[in-house]
1. Applying 1/(1 + (r/R0)^6) with R0 = 25 Å to the Cβ-Cβ distance of residue 457 and residue 372, what FRET efficiency is obtained, to the nearest 0.05?
2. Suppose every Lys and Arg Cβ carries +1 and every Asp and Glu Cβ carries -1, with no other charges. What dipole size does segment 7-172 come out with about its Cα centre, to the nearest 20 debye?
3. In percent, what relative contact order does the chain have, based on Cα pairs under 8 Å that are 6 or more apart in sequence?
4. For the residue pair residue 159 and residue 449, what label-to-label distance in nm results when each label sits 7 Å from Cα along the Cα-to-beta-carbon direction?
5. Under 20 °C and 1.002 mPa s, how fast does the chain diffuse according to Stokes-Einstein, given a Kirkwood radius computed over C-alpha pairs? Answer in µm²/s, whole number.
6. What helices does the chain have that are whole DSSP H segments, at least 30 Å long along their own axis by Cα, and with mean Kyte-Doolittle hydropathy of -1.0 or more?
7. Just the number, please: percent antiparallel of the DSSP beta bridges in the chain, rounded to the nearest 5.
8. Using the Kirkwood radius over Cα pairs, work out the Stokes-Einstein diffusion coefficient for segment 62-123 at 37 °C and 0.692 mPa s, in µm²/s as a whole number.
Amino acid sequence: MIGFDNSWVRDLPGSFLRLAPDAAPAPVLVAWNDSLAADLGLDPGVKAHAAQWFSGAALPPGAEPVALAYAGHQFGGFSPQLGDGRAHLLGEFLDGQGRRWDIQLKGSGRTPFSRGGDGKAAIGPMLREYVISEAMAAMGIPTTRALAVVATGETVWREAGPLPGAVVARVAASHIRVGSFQFFSARGETDKLRALLDYTIARHYPHLAPGDALGLFDAVTRAQARLIAQWMGVGFVHGVMNTDNMALSGETIDYGPCAFMEAYAPGTVFSSIDRQGRYAYANQPLILGWNLARLAEALLPFLDPDEARAVALANERLGAIAGIYETEFQAVMAAKLGLAAPDAGLVGDLLGLMPGLDWTLFFRRLSETGSDGVRGMAEGLAGWLERWQAMGPDLGAMRAVNPAIIPRNHLVEAALEAATSGDMAPFHALVAEIRRPFEPAMGREAFALPAPEGFGDYVTFCGT
Ligand code: AMP
Ligand code: MG
């Protein structure tokens, strides 16, 4: 019914362990993504089996569950072996357009990669992944997506106490991470590294020749630079940009303590564990370069047979990343400002005036009312607005890229809290609104406004 074709287990021995997910004792489907199911052209019959298949209670025919091995730098420190500690890749399928997708369960039980963890997930973080990734998809930002969330009927224990357990079924272009390359590189397994290189090229960048590591590096740099620029454009803070959470496909992956910035502040951090602000909003472009440097290191043996030349090539590429990112960012900002050509000076001056202003509301208001609606929002804005106006901005085009609705932190929290107590209605209401980000907020203003004063500073916790 799903039509699995599991190329990973066929082509990449040594990069996974075969093992079945835990069987959920009392699975109940709490969220089903009709919109994704339709995009993928999934057989409508799949939904009737979703509670079983996407909780580990039963395996869909053709699935070959595995836990993937990978390494990663977490907050700058290297772990040679992380791997899927609470996830099972069920397999891959080809959609109606011939695109290949991974289906993975997360929260589906312990694996040999679990280290100290219980292999499980609470319903809140799994629904958070669903709603935030759905918002990203609706805004046209590359992302993995959640097909289903199934409550398992188990209790999981977290700092907050006992919580209902759940599994998310996630659909991804692949789960190939920077850390997947680092895994073989750290072990000196050059043959397997080469197999992974060729697999990645064939799956994501098929215009490249097998073995073209430099071509792959350039393609990933472009995809990731574009992605991070898009994050910056909507105020998205990923929160845990470890190298194991950066996908070579260019999709946003592993939604943990992520959130959207409300008042513009370059140092915005939400994650309780990111005390140094390593993954703060304005640091994300720097981490892009840092993570890509780790990828370049892993690819070194294939950049050039001569090591010194390989290092020189890598350094040259790494030196170019900041400029590549800047071009992407300026393109995003030009679109947000409705301008035909980028203007870095204009953008820089605006950012200097914006601290404290709600990022989303400011750009949306500008798109809807032009200068008049925002003039009073910050001191010194009038002069900037005059310059901007003189450039002939296209407000209609702006409304197609500046969202009126993002998943507001207080609404996400309220929806997850209600879901944890068994009431799914606020979650479904929120999802319905974030699916239409670019439509006017009229009639749904409650979803467009920032958190009320009393909400305070927002702190998020990893989904563990
Ligand atoms: P993350 O920061 O969520 O991407 O996870 C980092 C690593 O920790 C990955 O190897 C995960 O599989 C693992 N992990 C996270 N939560 C758990 C858990 N509850 N049980 C086992 N492993 C986990
Ligand atoms: Mg991860």
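The values are calculated or read from the model by the stated rules, or taken from the named source; none is laboratory data. Computed from a predicted model, the values in this text were never measured in an experiment. Note that we place each Cβ from the backbone using ideal geometry, even for glycine, and neighbour counts take in every protein chain shown. Heads up: the accessible areas ignore ligands, DNA and RNA and are worked out on the full protein's heavy atoms, side chains in. Shrake-Rupley method; radii C 1.70, N 1.55, O 1.52, S 1.80 Å.
1. Computed FRET efficiency for residue 457 and residue 372: 0.20.
2. Rounded to the nearest 20 debye, it is 280 debye.
3. With pairs under 8 Å counted, the relative contact order is 15 percent.
4. The modelled label-to-label distance comes out at 3.1 nm.
5. Roughly 93 µm²/s, to the nearest whole number.
6. Result, helices passing both filters: 213-234, 307-336.
7. 95
8. 254
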